[in-house]
Amino acid sequence: MPHADSLISTLVAAFVLAFAFGMIANRLKLSPLVGYLVAGIFVGPYTIGFVADTTLAPQLAEIGVILLMFGVGLHFSPADLMRVRRVAVPGALVQIASATALGWLLGRFALGMSDVEALLMGFALSVASTVVLIRALEERRQGKGEVGRIAVGWLIVEDLVIVLALVLLPMIVLPAGAMVDSGALGLSVGWTLLKVTGFVLAMLFVGGRVLPWVLVRIAHTRSRELFTLGVLAIALGIAWIAYQLFHSFALGAFLAGLVLNGTPLGHNAAERSLPLRDAFAVLFFVSVGMLFDPSILVREPLSVLGVLGIVIVGKTLAALAITTLFRLDRGTSLTVAASLAQVGEFSFILAALSMSLGAMSQGTHDLILAAALLSISLNPFVFRLMDRMGGKPPGARPDNEINPATA
């Protein structure tokens, strides 16, 4: 039974250690996400010392997922995606298919997994981290150009595929030994897709009129606190409705952000929710680190190298192939490939859902987390390699870098 102060203890440990290890990662020229994951490992049950409340952390992580997807929706531009759809849509689908196939081959024939577990592992390795990609492009001042539009559009397509998979997976993955009734399964999937379609249309057409009106009414109160609270209530409330309908917080949160993005107050909504989105994103990555058993790096080094190879080599080659096929210039192809050579938050969410359904073992879950931790750490070096091969030359100061002289 959790102690009365478990929430406070968990939050204090998570934020303090995430800050400390995030600073260390930053000094080492790594993504702060690496530091957040390491902080989670330090307060997890697989290391000595203080152990945070492992029952509370996943719930905090769910809020992190909601706010992460809300942020993705707030920054998603359908117009930008339509401009790069010729490359982004087939590119994302080909890369997902390639990584899933490679994961199946590795899991089925080298690691002795079942077909379902091997496919799920490959699928989890196929999608890149939105947070890592956007920050990497901002640091290179490529977030607003053609490279940024293609990479972000590509990743948005991957995110949409994963969100749909999160909705359908509980119906498709059946318990071991259960009989498959194809007719009942088809009806269940069809009914769910119909509900999803209805929910999306309701959000876009009804929510697109109601939510802006609500925000305007709140803005007229001239209260910053009420406006921030209203934005969070919209995000969390719609995510909860989606969870009740499809068991997916992600879809509702994404649609809430997408609807608000198209309103005159969308920019204010993004600005007001940013601090909480950042804070709960940190808690999300810390909670993921808590679930990781680092001993797998010693126990199964070849398996770790195998999944890491899929992420860095397999996904990069797939991206280079599709961008070359569409005749993008060398620098754009190399940069897009480098930006997608990592895995992140959706991989964690998919792996956790697969474990809860009994379709994935703890060991496979740890392999995915190891691949994420290592690929995020190695991503800056992948960019440097691509730069030497003809990508954008380094040297520009990051857009989001703080000038100490003016801080």
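Considering only LEU328, ALA101, THR55, the residue lying farthest towards the positive end of the dipole of the chain is LEU328, judged by Cα position with unit charges set on Cβ.
When the stretch 291-375 is described by a simple charge dipole with +1 on each Lys and Arg Cβ and -1 on each Asp and Glu Cβ, the residue from ALA359, VAL343, PRO301 located farthest towards its positive end is VAL343.
Each Lys and Arg Cβ is given +1 and each Asp and Glu Cβ -1; about its Cα centre, the stretch 271-390 then shows a dipole of about 340 debye. At the residue level, TRP240 shows approximately 150 square angstrom of accessible surface with a 1.4 angstrom probe and all protein chains present. In the complete set of protein chains, residue-level accessible area for PHE205 is approximately 120 Å², probe 1.4 angstrom.
With all protein chains kept in place, the per residue accessible area of the chain amounts to 47 square angstrom at a probe of 1.4 angstrom.
Carbon and sulfur atoms: what percent of the 1.4 Å accessible area of the stretch 108-196 do they account for?
66
Select from the chain the helices, each a whole stretch of DSSP H, whose alpha-carbon atoms run 27 Å or more along the helix axis and whose Kyte-Doolittle mean is at least 1.6; answer none if there are none.
Those that clear 27 Å and a mean of 1.6 are 6-27, 146-172.
Legend: residues ILE218, ILE24, sorted from most to least accessible area (1.4 Å probe; ligands, DNA and RNA excluded), read ILE24, ILE218. Using the Cβ-Cβ distance between THR197 and SER356 with R0 set to 30 Å, the FRET efficiency works out to roughly 0.70. With the simple model of a label 7 Å out from the Cα in the direction of the Cβ, VAL12 to ASP278 spans 2.4 nm. Taking a ≥ b ≥ c as the square roots of the Cα gyration tensor eigenvalues, with a/c under 1.5 meaning rounded and otherwise prolate when a/b beats b/c, else oblate, which class fits the stretch 261-366? It comes out oblate by the Cα gyration axes.
The solvent-accessible area of SER9, taken with every protein chain present and a 1.4 Å probe, is close to 40 Å².
Mind running the shape call on the stretch 70-228? Use the C-alpha gyration tensor, a ≥ b ≥ c as the square roots of the eigenvalues: rounded below 1.5 for a/c, prolate if a/b tops b/c, oblate otherwise.
oblate
Only helices enter the 222 nm calculation for the chain: every DSSP H run of n ≥ 4 contributes -39,500 (n - 2.57), and dividing by all residues gives -24000 deg cm²/dmol, rounded to 500.
How would ARG330, ARG222, ARG149 rank on accessible area, largest to smallest, probe 1.4 Å?
ARG222, ARG330, ARG149
The values are calculated or read from the model by the stated rules, or taken from the named source; none is laboratory data. Keep in mind the model is a prediction, meaning the values are calculated, not measured. For neighbour counting, all protein chains shown are included, and Cβ atoms are generated from backbone atoms with ideal geometry for every residue, glycine included. The protein model used for the area step is the full one, side chains on, heavy atoms only, and it has no ligands, DNA or RNA in it. Shrake-Rupley method; radii C 1.70, N 1.55, O 1.52, S 1.80 Å.
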